[in-house]
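Below you'll find the structure, written out as structure tokens, and then a few comments.
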Amino acid sequence: MVSPSIEALWAERPFIALLLRALHVPARDREDLLQTVLLGAWEAIQARRYRPDPRRHPRHALRAWLHGIAWHQVSHHRESAYVRRVVLRGAPLALDGQAHVEIEGELFARAALREVAALPGGHREVLLAATGPLSLVAWARARGMNPNSAASRLRRARRALAERLASPTRLPFGEGVVR
């Protein structure tokens, strides 16, 4: 019997992420639980507690085993005092007059920024230019570019970002979370 490598375990991140979503883990806790499942699985493999049925396909056996670990970790997570008793309040150190920012919103924003960072350099540059102080036309002219070309590049960059964010293999926090 051959134990799975760390690379094989690491390759199952999207599967585990989908499991956590299917098990109704709150979005804010998925990244932590994903890491807990991976760490627990790796420690079990190291301790030789991974003993799959030799008649099953290796990947199917690994996924079934990871499903059990994920289910176990989720049940422990739900029963923890932290999850049952903590009531989240607004940011305690927020300045007067500042709007309260939801924690999940911050996590989604960070994930979106990770997705922007994962885009090719040209896409990142035009997306950031569109949010900058200069108009897109001024930005294009400063680079000796036709403004229509800049607008086309911006449309392609926005489409690429939307595809990355809408990909079914990605979590709501972006794949940067599980990469």
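The values are calculated or read from the model by the stated rules, or taken from the named source; none is laboratory data. None of the values given here were measured: they were computed from a predicted structure. Positions of Cβ are generated from backbone atoms using ideal geometry, with glycine treated the same way; all protein chains shown enter the neighbour counts.
Points worth noting:
- Helices (runs of 4 or more DSSP H) wholly inside region 1-52 containing at least 2 residues that are in the same structural domain as Gln73 (by TED's automatic domain parsing), among the polar types (S, T, N, Q) and surrounded by fewer than 17 Cβ atoms within 10 Å (Cβ to Cβ): 27-46
- Those residues of region 53-64 which are under 17 Å from Leu19 (Cβ atoms) and either loosely packed, with under 13 Cβ neighbours inside 10 Å or not basic (Lys, Arg) (or both), in sequence order: His60, Ala61, Leu62, Ala64
- Filter result for Val116 (within 24 Å of the chain's Cα centre (by Cα), at pLDDT 60 or above, more than 26 Å from Val25 (Cβ to Cβ) and among the β-branched types (Val, Ile, Thr)): no
- Members of region 130-165 that are part of a helix (DSSP H, G or I) and among the charged types (D, E, K, R): Arg141, Arg153, Arg155, Arg156, Arg158, Arg159, Glu163, Arg164
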